[in-house]
Each structure stands twice: as structure tokens, then as C-alpha cells.
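The values are calculated or read from the model by the stated rules, or taken from the named source; none is laboratory data. Please read these numbers as outputs of a predicted model, since none were measured by experiment. Cβ: placed from backbone, ideal geometry, glycine included. Neighbour counts: every protein chain shown.
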Amino acid sequence: MLTEERHQAIRNLLKREVIVKLYEIIEATGASESTVRRDLSQLEEAGELVRVHGGAKRIFSVDYEPSVKEKSEQYRSEKERIGKYAASLIQVNDFIYIDAGTTTFFMLPFIEAEDITVVTNGLEIATYLSDLNIETILIGGFIKPKTRAMIGADAVSQLKQYHFSKAFMGTNGIDSQYGFTTPDREEAHVKQTAINQTNQVYMLSDSSKFDKVSFCKIVELDDAMVITNTLTDRVREKFSKLTKVKEV
């Protein structure tokens, strides 16, 4: 196996697990221990991993957060399927929370339940729902320009006044060790508060978010059911042990 092939094999192992043992890399590459150690040194110098005793550790980076427009164009068909299924879970007289985000926005055209009340921190979501004559409460706070979400202490304080039957949330990362994460600390706090006020929590996410970590933790994996599109066998087996996953 060539050097670059071994390096890619190591990268692939670290995508699956936070820490990879030396013997696992040797088995995957068929290289000698000295060769693998040299590879790890080279990858560490390149900033791709951190060497630890007996292996290597994944480096977590804070991903660039796309704008609402950019997000809405990514995985569109998957988000539509996710949104349609999520909307089918809403029942008559539900009092629900819909988190700001593009995947949650795709729920809105499919909502059929009557006599519901929706609380949201999403400006576009509130506008769309009001046009449908759905009773809607937009929480106050600061407007985050990039995602058009209401955040801050006022938003958190207002959320604490409510108790929701269901919450439909968005996330930027789903990781076996670090749970659900998002790039913004203020937005994470709003999400945490909504989740704490809810009986049933659904995390809407396309499959690209699995095995990714962002800057701020929202909650643990077992605090929400994930609604996603079709996963690979490896990802399904890994995460189904940690949380409820519904593929649509």
C-alpha cells in the first residue's frame, strides 16, 4: 500500500471512531508498526490528527456555517422526505416547537393537523406558518443574520414559559461521543431550553451530519429521536445503539 493510500485509510478509520488503536491501523493497512508510526507523525505534523498513547485521536474542527440559502440547496430531496415524515407526527391540538433551520422548514408544506399552536425562533418559519393561518408564536431576542434565528437571553426566558408536546429540532453534527452539536453558543442554549421543555424531541438531520462535531454541544444522543434519510450500514449499526433513528 502506497503512503497516500495508508494515510487515507487512517483518515477513514478516524471518521468512524474518535480514537483508533495502533493495531487497528496495522490491520487496516498491512504496514509494519514502524511505518504506521511514521505515518501518524506525518499526519500529526499536517494537523490531521493527534497522536495518543497506542494510537491516534480525531481532530475536531468548527465547520463553516453556511447561510440559509446555501443550506436550503444542499440535500434538498432528502430534507423534503425528512420534513414530510416529521409533519406526519403532528396531531390535532398539539402545542409544538419548530427550531429555526432549513430541514425543519421543509416540514411546513406538509403540515395537515388542525388546531395546533407552533412556537418557533425562525423568522422564515413564523412568516410561512402565519400565511397558512396556523397559530404561531415567534419568540423574541436577537436576530442571528446568517440563519435568521432568534437567539439570546430573551429568547431563552420566553421559552421557559412553555411546555411542548413535541419539538422538531435541527443540528449541525451528530457524534457518538459528543452528541448533537451546533456552531453557535447562543443558538445551542436556545435549542437546549426548548428540548428541556418538551415531551417528545425529534432531531431532523440529513445523513451528512453523522460523525461530525461542531463547536457547541446541544444535548446527548439519547435525548432525541433522529429523523434522517437512508444511512450506510456502518452508520446505522453504530448510531442505532446510541439513539432512536428513523430513516425515511
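Below is a table of values for the structure above.
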| quantity | calculated |
| --- | --- |
| Elements of type strands (runs of 3 or more DSSP E) in the stretch 83-169, at least 1 residues being surrounded by 22 or more Cβ atoms within 10 Å (Cβ to Cβ) and touching a helix residue (DSSP H, G or I) at 6+ places or on another chain (Cβ under 6 Å) | 95-98, 117-120, 149-151 |
| Which numbered condition ARG148 fails, given (1) more than 23 Å from the chain's Cα centre (by Cα); (2) in contact (Cβ under 8 Å) with a residue 12 or more places away in the chain | (1) |
| Scope the stretch 15-70; condition touching a strand residue (DSSP E or B) at 6+ places or on another chain (Cβ under 8 Å), part of a helix (DSSP H, G or I) and at pLDDT 90 or above; matching residues | LEU22, GLU24, ILE25, LEU40, SER41, LEU43 |
| Complete set of residues in the stretch 192-234 that are among the hydrophobic types (A, V, I, L, M, F, W, C), crowded, with 19+ Cβ neighbours inside 10 Å and not in a strand (DSSP E or B) | ALA194, ILE195, VAL213, ILE218, VAL219, LEU221, ALA224 |
| Long-range neighbours under 6 Å by Cβ, at least six apart or interchain, first residue under 19 Å from ALA86 (Cβ atoms) within the stretch 235-248, second loosely packed, with under 13 Cβ neighbours inside 10 Å | THR243/ASP222; GLU247/THR230 |
| Residues satisfying the stated conditions in the stretch 71-82, i.e. modelled with pLDDT under 90, assigned to a helix (DSSP H, G or I) and of a type outside the set (Lys, Arg) | SER72 |
| Residue pairs meeting the criteria (Cβ under 7 Å; at least 6 apart or on separate chains; first within 16 Å of GLU44 (Cβ to Cβ), in the stretch 7-21; second crowded, with 18+ Cβ neighbours inside 10 Å and modelled with pLDDT under 85) | LEU14/ARG58; VAL18/ARG58 |
| Residue selected from the stretch 174-191 under the condition hydroxyl-bearing (Ser, Thr, Tyr) and surrounded by fewer than 20 Cβ atoms within 10 Å (Cβ to Cβ), by the criterion nearest to ILE151 (Cα to Cα) | TYR178 |
| Residue match in the stretch 133-151 (condition: modelled with pLDDT of 95 or more and in contact with a Lys or Arg (Cβ under 9 Å, 6 or more places away or on another chain)) | yes |
| Single unsatisfied condition, ALA194 versus (1) aliphatic (A, V, I, L, M); (2) farther than 24 Å from ILE111 by Cα; (3) in contact (Cβ under 8 Å) with a residue 24 or more places away in the chain | (2) |
| Residue list for the stretch 169-198, filter: out of contact with any Gly (no Cβ under 9 Å at 6 or more places or on another chain) and hydrophobic (A, V, I, L, M, F, W, C) | ILE174, ALA188, ALA194, ILE195 |
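Residue by residue, here is whether (1) closer than 18 Å to GLY101 by Cβ; (2) under 11 Å from the mean Cα position of the chain (by Cα); (3) among the charged types (D, E, K, R) holds:
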site: PHE180; (1), (2), (3): yes, yes, no
site: ASP184; (1), (2), (3): yes, no, yes
site: ILE195; (1), (2), (3): yes, no, no
site: MET203; (1), (2), (3): yes, yes, no
site: LYS209; (1), (2), (3): yes, yes, yes
site: GLU237; (1), (2), (3): no, no, yes
site: VAL245; (1), (2), (3): no, no, no
site: VAL248; (1), (2), (3): yes, no, no
